[in-house]
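Asks: Have a look at this one.
Taken together, the values in this text are just the output of simple stated rules run on the coordinates, not laboratory data. In this text, all values refer to a predicted model and were calculated from it rather than measured experimentally. Backbone-built Cβ (ideal geometry, glycine too); neighbour counts: all protein chains shown.
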Amino acid sequence: MSTQGKSSRPDKVTTQTVVEMKRSGEKISMLTAYDFTMAGIVDSAGIDVILVGDSASNVMAGFDTTIPMTLDHMIYHTSCVVRAVQRALVIADLPFMTYQVTAKEALINAGRMMKEAGAHAVKLEGGKTITETVRKIVDAGIPVMGHLGLTPQSIYKFGTYKVRAKDQKEADQLLQDAKKLEEAGVFSIVLEKIPSELARQVTELVSVPTIGIGAGPNCDGQVLVLHDMLGLNKDFSPRFLRRYSDLHEIMKDAVGRYVYDVKSGDFPNETEQY
Ligand code: KIV
């Protein structure tokens, strides 16, 4: 098995580990996963953090946005991932409308994610409007990751998946939001699709690690959606995505050969029966 790029830290990754990694300058690797089998592979390859993202809505359920995801969906996916993982820190997205209404409701829902799914932390999208909620969840002992920039749960407000905070006003607001999230107690912040220079400024401004997706190399870590980096979504090719495999073609070829073998009577042969 390849151990290329494996972290020098063999122990279980905790929220303290990732904060310490920022301090020591070790980059943090993060990928999404949504099921037991994939999470086991990702964990065994040495990933530091697994995000059970509400991108499950797109890649697992086939929706166009993350809006339809429910707390029960996310609890199901997260529990599948948690059962597979031995080392990585597992963070679960709280889906749309499970934390925006009241801080109390958000705390109850974050608590369900911890108790029923076994998540190690939760992720919430947004800046100053959710700081009271973040504080309440953190005060209850639940670690929170923030998420700024392109926040897909607000897609109908933005109207587009284009790069955020290119103008100074939005960039200034994002810097303020990052500081406010840090003050509210987040242990880390995802920066999605923002200019590389702004990501550098946020990373220098806050003491907690930033994890970028389409935010350039100056973040403390990087995250990609597993299905995208494995080449399972052949039609999704944003500039920030690096594909590490072409699983779409590899799987299609394997299934095609199986169909052929069944139809031709080649499968099963004498050694593949009882
Ligand atoms: O849901 C998700 O997968 C995410 C990542 C893109 C950061 O939030």
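Asks: Highest mean first, how do 201-207, 11-17, 176-182 rank when packing is the count of other Cβ atoms within 10 Å averaged over residues?
Replies: Values: 201-207: 16.6, 11-17: 15.0, 176-182: 19.7.
Going from most to least packed, we get 176-182, 201-207, 11-17.
Asks: Another one. What does the charge dipole of segment 15-243 about its Cα centre add up to, to the nearest 20 debye, if the Cβ of each Lys and Arg holds +1 and the Cβ of each Asp and Glu holds -1?
Replies: Numbers: 25 positive and 26 negative charges, 42 e Å.
Value, rounded to 20: 200 debye.
Asks: Within segment 180-198, find all residues whose amide N lies under 17 Å from a label point positioned 7 Å from the Cα of SER207 along Cα-to-beta-carbon.
Replies: Within reach of a label on SER207, which here means backbone N under 17 Å from a point 7 Å along Cα→Cβ, segment 180-198 contributes 180-189.
Asks: Under the definition of Cα pairs under 8 Å and six or more residues apart, what whole-number percent is the relative contact order of the chain?
Replies: Details: 504 pairs, mean separation 40.9, N = 274.
That works out to 15 percent.
Asks: In degrees from 0 to 90, rounded to the nearest 10, what is the angle of the helix 71-84 Cα long axis to the longest principal axis of the chain?
Replies: 60
Asks: What distance in nm lies between label points placed 7 Å from Cα along the C-beta direction at LYS252 and LYS104?
Replies: Simple spin-label model gives 5.3 nm for this pair.
Asks: Just to be sure I understand the model, the point goes 7 Å from the Cα along the line to the Cβ. What's the resulting ASP235 to GLU170 distance in nm?
Replies: The modelled label-to-label distance comes out at 2.6 nm.
Asks: Can I ask one more? Using alpha carbons only, how many degrees (0 to 90, rounded to 10) separate the axis of helix 196-205 from the longest principal axis of the chain?
Replies: Helix 196-205 sits at roughly 60 degrees to that axis.
Asks: Continuing with this model, one more query. For MET60 and GLU20, FRET efficiency with R0 = 41 Å and r from the beta-carbon atoms, rounded to 0.05?
Replies: Once the sixth-power term is evaluated, E becomes 0.80.
Asks: Can you sort MET251, MET21, MET229, MET113 so the residue with the fewest Cβ neighbours within 10 Å comes first?
Replies: Details: MET251 13, MET21 23, MET229 18, MET113 27.
Ranked by crowding around the Cβ, least crowded first: MET251, MET229, MET21, MET113.
Asks: Between ARG87 and GLU183, what length in nm is gained on full extension when 0.36 nm per residue of separation is reduced by their alpha carbon distance?
Replies: On the way: separation 96, 0.36 × 96 = 34.56 nm, distance 2.84 nm.
In short, 31.7 nm is gained.
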